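A short worksheet on the structure shown next.
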Amino acid sequence: MMPLVEADNLVRIYEVRRGLFGRPSPIRAVDGISLAVMPGETLGIVGESGSGKSTLGRMLLGIDPAQTGAVNFEGRPLPQYGTAEWRALRAKMQLIYQDPLAALDRRLTIATQIGEPLEIHRIIPKEHRPARVAELMAAVGLRPDQAGRFPHELSGGQRQRAVIARALASRPKLLVCDEPVSALDVSIQAQVVNMLRDLQEQKGIAMVFISHDLKVVRNIADRVAVMYLGRIVEEASSDVIFHSPQHPYTRALVSSVPVPGKLLEGRVILQGEPPNPADRPSGCAFHPRCALARDICRTSVPPLRRIGSGRTAACHVVAGEGASVETLRRRA
Ligand code: ATP
Ligand code: SF4
Ligand code: MG
């Protein structure tokens, strides 16, 4: 089967000024990321603030251009942002982010906004649109009597449901969800995540689910990629990541989340400062915080290596000396 979306060695460097009068210096927000998402699959992306998750999400949709590397969607290179080709493709790939209020127009009712994509992309005949809007609202758990409400007349959770309904209107094949429940009450988060998971299963939509919250990702992702300062440091099925993480950073992240039925033995505490993209440590960027670090970690960047079936990690100590994934890919 062909991946729905495939990223090859993506790089995004921002020029950022340090201080008010400082000279701009480069920040490698996304630093050589390759990944693939199969149709109907959910890939979770986790990592601390500033690790490049949102930048990567925007790049997968072509909103943020890659400086190096490429993204293919359904086997073809993404058209340039803003072009007619890109807008046409946009119906198939939707972005849902943290703040639903910012995503909605406060002057329009939610029914109008949920129906907008139907109109823009001329998806169904006009007379069928109200029924389709009602169907979409039901799918995300909004009541029919809420159709005429304005965004500020809904709760945060209901607003995010409306945003999701609108994203579904154009029958997307890919949803990129960037912290979609982080702004919601914890009690509402699980409801919205379960709803997303059900929809994804019923409709076979592929999803890239970005979150710094591992508990949320565990509930929804088939596979998880762990990011640290712009790079993927470990990738595996969700089960493997949560039950036998290998990379020291993943182990620290995972051990901060209680797993039901599992004792917290061998807990690893994440030490030191959170990563600063403007000041990337040499070698393995995680080395100042890593209990396993040795000399080579300070001088040499560990490549992502295959450490099992469908499983990769970038670490001199736990990922051994085999050929890097990059080399294997080039050979294939
Ligand atoms: P968070 O969990 O806080 O949302 P993130 O993992 O999504 O973080 P990004 O938003 O992708 O991280 O940012 C990665 C790095 O790139 C950060 O250092 C950020 O400051 C920088 N960055 C992101 N967008 C821009 C921009 N438009 N201009 C300059 N720098 C940017
Ligand atoms: Fe730790 Fe070295 Fe592995 Fe980096 S490469 S995670 S510093 S052991
Ligand atoms: Mg972000």
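The values are calculated or read from the model by the stated rules, or taken from the named source; none is laboratory data. From a predicted model like this one, the values you see are computed outputs, not experimental measurements. Ideal geometry is used to build each Cβ from the backbone, glycine not excepted, and the neighbour counts take in all protein chains shown.
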| task | Could you list all residues from region 15-59 that are within 12 Å of ligand 1 (Cβ to nearest atom), touching a residue at least 24 places away in the same chain (Cβ under 8 Å) and part of a strand (DSSP E or B)? | result | Val16, Ser25, Ile27, Arg28, Ala29, Val30, Asp31, Ile33, Ile45, Val46
| query | If you take the residues of region 51-70 that are among the small types (Gly, Ala, Ser) and crowded, with 18+ Cβ neighbours inside 10 Å, which of them is farthest from Ala252 (Cα to Cα)? | reply | Gly62
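Can Ile45 be described as surrounded by fewer than 21 Cβ atoms within 10 Å (Cβ to Cβ) and of a type in the set (A, V, I, L, M, F, W, C)? Quick ask: steps written out before the conclusion?
Working: surrounded by fewer than 21 Cβ atoms within 10 Å (Cβ to Cβ): no; of a type in the set (A, V, I, L, M, F, W, C): yes.
Judged against the criteria, Ile45 is not a match.
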| said: Return the pair list, or none, for Cβ contacts closer than 6 Å from residues in region 69-96 that are under 29 Å from Glu326 (Cα atoms) to residues that are among the acidic types (Asp, Glu), at least 6 apart or on different chains. | reply: Gly69/Asp8; Ala70/Asp8; Asn72/Glu6; Pro79/Glu85
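Of the residues that make up region 164-180, is at least one farther than 30 Å from Ile45 by Cα, surrounded by 21 or more Cβ atoms within 10 Å (Cβ to Cβ) and out of contact with any Ser or Thr (no Cβ under 7 Å at 6 or more places or on another chain)?
Going residue by residue through region 164-180, those that are farther than 30 Å from Ile45 by Cα are none.
Taking every residue of region 164-180 in turn, none turns out to be farther than 30 Å from Ile45 by Cα, surrounded by 21 or more Cβ atoms within 10 Å (Cβ to Cβ) and out of contact with any Ser or Thr (no Cβ under 7 Å at 6 or more places or on another chain).
Of all residues in region 87-114, which are part of a helix (DSSP H, G or I) and modelled with pLDDT of 95 or more? Spell out how you get there, then give the answer.
First, pick out the residues of region 87-114 that are part of a helix (DSSP H, G or I): 87-90, 100-103, 110-114.
Listed by number, the residues that qualify are Ile110, Ala111, Thr112, Gln113, Ile114.
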| field | Search result, residues across region 210-233 that are more than 16 Å from ligand 1 (Cβ to nearest atom) and of a type in the set (D, E, K, R) | value | Arg218, Asp222, Arg223
| field | Flag for Arg129 being crowded, with 16+ Cβ neighbours inside 10 Å, farther than 30 Å from Arg306 by Cβ, in the same structural domain as Ala169 (by TED's automatic domain parsing) and free of Cβ contacts under 8 Å to residues at least 24 places away in the same chain | value | yes
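Condition check: at pLDDT 95 or above and either closer than 23 Å to Leu78 by Cβ or outside the structural domain of Ile96 (by TED's automatic domain parsing) (or both). Does Leu20 satisfy that? Talk me through it step by step, then tell me what you get.
Details: at pLDDT 95 or above: no; either closer than 23 Å to Leu78 by Cβ or outside the structural domain of Ile96 (by TED's automatic domain parsing) (or both): yes.
Answer is no for this residue.
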| remark: In region 205-236, anything among the β-branched types (Val, Ile, Thr), within 16 Å of ligand 2 (Cβ to nearest atom) and out of contact with any His (no Cβ under 9 Å at 6 or more places or on another chain) is listed as Ile232
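So which of Val181, Val192, Val186 is among the aliphatic types (A, V, I, L, M), within 16 Å of ligand 3 (Cβ to nearest atom) and modelled with pLDDT under 95? If you could, list the steps in order and put the result at the bottom.
Values: Val192 fails: within 16 Å of ligand 3 (Cβ to nearest atom); Val186 fails: within 16 Å of ligand 3 (Cβ to nearest atom).
Among Val181, Val192, Val186, only Val181 is among the aliphatic types (A, V, I, L, M), within 16 Å of ligand 3 (Cβ to nearest atom) and modelled with pLDDT under 95.
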| message | Out of Gly148, Gly156, I need the residue that is away from ligand 1 (no atom under 16 Å from the Cβ) and either surrounded by 24 or more Cβ atoms within 10 Å (Cβ to Cβ) or at pLDDT below 95 (or both). Which one? | response | Gly156
| field | Selection within region 114-124 - of a type outside the set (Lys, Arg) and under 23 Å from Ala84 (Cβ atoms) | value | Gly115, Glu116, Pro117, Leu118, Glu119, Ile120, His121, Ile123, Ile124
